[in-house]
Amino acid sequence: MSDSEALAAEAQSRGLRIGVVESLTSGKLAQTVGAGENAGDWFAGGIVAYLRDVKERLLGVDEGIDLCSARCAEQLAAGAAHVLGADVCISTTGVGGPDPEDGHEPGTVFIGWCAHGDVGSAEFHFEGDPTQVLQQTVDEAVRVLVKRTAALPR
């Protein structure tokens with residue numbers, strides 16, 4: 001069973017609402033999650049937010065925060081969970097490349113989550129061109145989403 005299939009089965013069987021918020025992956029994560037079986041029953045939706053002011057105004061990200069950081073990933077996930085009414089929300093932020101950005105090397109990625117109020121994040125360093133970094137980010141974000149969803153109390 002793929003990670004996407006596992007997510008769909010877990011969310012549907014438990015009646016969970018799943019959401020995503022993306023900066024780095026530009027909708028690719030929502031497309032992947034939304035392709036899950038019966039997504040219309042459990043996928044609350046996704047938010048793609050690139051501009052700083054949108055992240056601050058819509059999602060409650062602290063003004064002036066490093067947008068490529070664990071703290072930003074966590075605030076994105078918590079803000080989107082609130083906006084979408086999601087039980088579990090995952091976020092992606094980072095530098096896809098090919099060049100460094102704001103002192104961060106290409107492939108530096110933070111995946112954040114908010115699962116029933118439990119907020120956290122993980123840092124990753126992916127290799128490859130921008131397309132490869134984005135795909136690795138989406139794949140890892142779905143794995144983290146499955147893990148966080150399965151970890152919720154039954």
Matching residues, region 7-48, being over 24 Å from Phe126 (Cα atoms), in contact with a Ser or Thr (Cβ under 9 Å, 6 or more places away or on another chain) and surrounded by 18 or more Cβ atoms within 10 Å (Cβ to Cβ) = Glu10, Ala11, Leu16, Ile18, Gly36
Complete set of residues in region 67-121 that are more than 11 Å from the chain's Cα centre (by Cα), among the aliphatic types (A, V, I, L, M) and closer than 23 Å to Val146 by Cβ | Ala70, Val83, Leu84, Ala86, Ala115, Val119
When region 119-154 is checked residue by residue, the ones that are free of Cβ contacts under 8 Å to residues at least 60 places away in the same chain, closer than 17 Å to Phe43 by Cα and surrounded by fewer than 17 Cβ atoms within 10 Å (Cβ to Cβ) are Lys147
Looking at (1) in a helix (DSSP H, G or I); (2) touching a helix residue (DSSP H, G or I) at 6+ places or on another chain (Cβ under 8 Å); (3) closer than 20 Å to Gly85 by Cβ, which is the only condition Gly112 fails?
-> (1)
Just name the residue that is surrounded by the fewest Cβ atoms within 10 Å (Cβ to Cβ) out of those in region 49-68 that are under 17 Å from Cys114 (Cβ atoms) and touching a residue at least 12 places away in the same chain (Cβ under 8 Å).
-> Asp62
Which residue pairs have Cβ atoms closer than 8 Å, lie 6 or more positions apart in sequence or on different chains, and pair a first residue in region 105-116 that is under 17 Å from Glu127 (Cβ atoms) and touching a residue at least 60 places away in the same chain (Cβ under 8 Å) with a second residue that is part of a strand (DSSP E or B) and among the hydrophobic types (A, V, I, L, M, F, W, C)?
-> Val109/Phe124
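Here's the yes/no breakdown for (1) touching a strand residue (DSSP E or B) at 6+ places or on another chain (Cβ under 6 Å); (2) modelled with pLDDT under 95; (3) over 26 Å from Pro153 (Cβ atoms):
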| residue | (1), (2), (3) |
| --- | --- |
| Met1 | no, yes, no |
| Glu5 | no, yes, no |
| Ala8 | no, no, no |
| Gly15 | no, no, no |
| Gly19 | yes, no, no |
| Gly27 | yes, no, yes |
| Asp41 | no, no, no |
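The values are calculated or read from the model by the stated rules, or taken from the named source; none is laboratory data. The model shown is predicted, which means the values in this text are computed figures rather than measured ones. Note that we place each Cβ from the backbone using ideal geometry, even for glycine, and neighbour counts take in every protein chain shown.
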